[in-house]
């Protein structure tokens, strides 16, 4: 069993404290990436990743709207509606703009509308996954 010298212990504690402080400061990357798809990467000058996330999330969301997808509103009555709302709101500003102009109000009564609804939920989930990945890149946990 290897023992640590006192100087090694101090260095280990300071690096742990720096990681904890960095994890708190990394939340702005998540919020920025959530609100504006790809912006968490753009803020770190990761242009290709940011562009790919932006194109994929916005493309999926717009395709979902074109397929007559339905945006969920906040609803506490049905568990599936709550999960749909969480998926939609993860798209950030796309959700808020679409709701404010009255888009996504189509009733999904056909197969294409159901696919559109699923595409918009998937776009939101992809966006929040990319935002959390941007935080990991910011903290140096990933390249």
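Pairs, please: C-beta under 7 Å, at least 6 apart or cross-chain, first residue on the phi > 0 side of the Ramachandran plot and in the range 78-102, second part of a loop (DSSP other than H, G, I, E, B)?
That search, which allows pairs on different chains as well, returns 92/36; 92/37.
Among (1) exposed (fewer than 12 other Cβ atoms within 10 Å of the Cβ); (2) free of Cβ contacts under 8 Å to residues at least 40 places away in the same chain, which single condition is residue 66 missing?
Going through the list (1) exposed (fewer than 12 other Cβ atoms within 10 Å of the Cβ); (2) free of Cβ contacts under 8 Å to residues at least 40 places away in the same chain, residue 66 breaks only (2).
From 63, 80, grab the single residue that is modelled with pLDDT of 90 or more and in a helix (DSSP H, G or I).
63
Against the definition (modelled with pLDDT of 50 or more, out of contact with any strand residue (DSSP E or B) (no Cβ under 7 Å at 6 or more places or on another chain) and surrounded by 10 or more Cβ atoms within 10 Å (Cβ to Cβ)), how does residue 45 come out, yes or no?
no
The values are calculated or read from the model by the stated rules, or taken from the named source; none is laboratory data. In this text, all values refer to a predicted model and were calculated from it rather than measured experimentally. For neighbour counting, all protein chains shown are included, and Cβ atoms are generated from backbone atoms with ideal geometry for every residue, glycine included.
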